[in-house]
1. Can you pull out the strands (runs of 3 or more DSSP E) entirely within the range 144-251 that have at least 2 residues that are at pLDDT below 90?
2. If Ala120 satisfies all but one of (1) at pLDDT below 90; (2) under 18 Å from Leu26 (Cβ atoms); (3) in a helix (DSSP H, G or I), what's the number of the condition it fails?
3. Could you please find all residues in the range 208-232 being free of Cβ contacts under 8 Å to residues at least 12 places away in the same chain and within 21 Å of Gln193 (Cα to Cα)?
4. Is there a residue in the range 101-113 that is at pLDDT 85 or above, outside any strand (DSSP E or B) and more than 21 Å from Gln56 (Cβ to Cβ)?
5. Name every residue in the range 77-99 that is buried (at least 18 other Cβ atoms within 10 Å of the Cβ) and hydrophobic (A, V, I, L, M, F, W, C), in order of residue number.
6. Out of Arg83, Arg98, Arg47, I need the residue that is within 22 Å of Pro20 (Cβ to Cβ) and basic (Lys, Arg). Which one?
Amino acid sequence: MTMWPPMERKPHILIVDDDPDLRSLLQDYLTQQDLPVVCAGDGTQMRAVLRSTSVQLIVLDLMLPGEDGLALMRWLHDSEYARIPVMMLTARGDDVDRIIGLELGADDYLPKPFVPRELAARIKSVLRRTHMAPPDAEPQDGSRWLRFGDWKLDTVERNIVDANGTATPLSGAEYGLLRFFLRHPNRIVSRDQLLEELAGRELDVFDRSIDLRVSRLRRRLGDDAREPAYIKTVRNEGYVFCKRIEKLDER
């Protein structure tokens, strides 16, 4: 039985979970919340959905049989779908998989068991933060390109471009973090501020998600955490993006 509509154009939430009862429950609830849903039971079905359906966010269970969620996260990270934000579903207390998933580019996570209302709230929060502009959209401030150090950011395509002109696509989480830093250069921003802005929730003392996102963005920029040129850590206070930002009229 096919579990997705062919060639749907309206953006959908893609639920990837091997539990048919949970898929059905979430599809019914999220649809009532004005969040159109399409479902997949494994990685093969997920890829088929991505090829045939417009997807604006993926809810991905990490505990899948065969090709697990972490393997699918790695595939997404290196695919043309890397910009689609991902919400991970993890086993409660499974910190290792959660950390790996965040390092691979997940935008948020929710431990099982959970109530559908909480998932819906998290999805809406991620969509607000990582809303994908269409390819021909004009930036609100009229500046498509921002230069900082040896890099340029394309705010339409959501790529960073190095000095040789090589473009690297950013995930939703990476783009959101970089844009926040570029809006607040040369000032200390706390981990609490970053989590509230980028994840829409208060920071748990054991929550390393922001530190993992910063570490991932540093790797994207080739920034050495020991002698950072872009993102400096201020002990017990937070981070500073230490480059001047220049708006460019053209590439």
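1. 167-169, 246-248
2. (1)
3. Within the range 208-232, Ala225, Lys232 meet the criteria.
4. Yes.
5. Within the range 77-99, Ala82, Ile84, Val86, Met87, Met88, Leu89 qualify.
6. Exactly one of Arg83, Arg98, Arg47 is within 22 Å of Pro20 (Cβ to Cβ) and basic (Lys, Arg), namely Arg47.
The values are calculated or read from the model by the stated rules, or taken from the named source; none is laboratory data. Predicted model, so just to flag it, every value in this text is computed and none were measured. No Cβ is skipped: glycine too gets one built from the backbone with ideal geometry, and neighbour counts run over all protein chains shown.
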